[in-house]
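A short worksheet on the structure shown next.
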Amino acid sequence: MHRSAPRLSRILACAAVPLMLVAVGCSSDSGSGSGAEGKKNAGSSSSGTGSTKPTKPAVEPAKFTDLPDACTSIAKKTIAELVPEAKKKGGTAGRSSDLSVRGSCSWNGLDDKGVKGSQYRWLDVAFTRFGSDQSLGSGAARATEDYTKQITKEKASEGAQKVAAVAAPGIGDEATAITYSLNKTDEDFENATIVARTGNVVVTLTYNGAGYAGAKTPSAADILKDAQKAAKEAVAAVGATAGSGSAEATPSAGGAKKTPSAGKTEDDGKKDDKKASSKATAKS
């Protein structure tokens, strides 16, 4: 009896060991599961935050959505003063695939004074409109870039002498006058080019003149003064006849949609399209 008591104690002690190990194992599994789940949740949260990209601010809508008719952008009275005896009073329009984006017109004439000689004058005006684009920038910014390029181009005109470029205040948002002398066809020409920007439109106006058959060459000051006068009218025509104040959704300068000209309604535009279509069919 005395020897069996210690043996029974050892058996009970050994039986208690697996129960303790089971308890420890359960406790360990619970803690490990919580840690793994926490890491997983933390990883997901971190990944979700890192994948979010900031949204780029929308570009400013272009101010003007159309262009005026280049051949009517300068008053007839002004044309008569600057280009006496113009061959075509209404001007000669330049070619354009989209007149809402790009347009131009020119006039030239020779005022023959007989034995006193003749005076030749040439006037040209060109418009370029830039639309706002999310990847390219706002119409105004793109126009500003082109404005700078046009000034550089005019200053580098072939054969130009005594080139000068000065600011021309009071014409659009910004304007520069480039003047120079040029000998062409054995005659001395005085040239003035006004490059102006109004909103998202660039206006380039060139005016030059020469005296033929012994007539005096016009003064550079007079040519510049007349060029500035015509440029002001051309810039004013942009605001007076071109669409403005509406959102510009054109992706590029070449994708603009032509809107009806001043004085015409949308129905009038549709009628004109029908007439043009009928004429094209008849001609075909």
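Using the structure shown, select from K76/K184; K63/K89; K113/K229; K153/K232; K155/K229 the pairs with a Cα to Cα distance greater than 23 angstrom.
Working: K76/K184 28 Å; K63/K89 31 Å; K113/K229 25 Å; K153/K232 21 Å; K155/K229 21 Å.
Beyond 23 Å between Cα atoms: K76/K184; K63/K89; K113/K229.
For the stretch 88-178, what D do you get in µm² per second when you plug the Kirkwood radius from alpha-carbon pairs into Stokes-Einstein at 25 °C and 0.890 mPa s? Before the final figure, lay out each step's value.
Numbers: Rh = 16.2 Å.
Translational diffusion coefficient: 151 µm²/s.
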Express in Å², to the nearest 10, the accessible area of E187 obtained by rolling a 1.4 Å probe over the protein heavy atoms while all chains stay in place. 40
Give me the Debye-computed log₁₀ of I(q)/I(0) at q = 0.13 Å⁻¹ for the stretch 56-213, equal point scatterers on Cα only, no solvent, two decimals. -0.68
Computed from the beta carbon distance with a Förster radius of 41 Å, FRET efficiency for K216 and T55 to the nearest 0.05 stands at 0.05
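The values are calculated or read from the model by the stated rules, or taken from the named source; none is laboratory data. What you see is a predicted model; the values in this text were computed from it and never measured. Backbone-built Cβ (ideal geometry, glycine too); neighbour counts: all protein chains shown. Quick note on the areas: whole protein, heavy atoms, side chains included, nothing else; ligands and nucleic acids left out. Shrake-Rupley method; radii C 1.70, N 1.55, O 1.52, S 1.80 Å.
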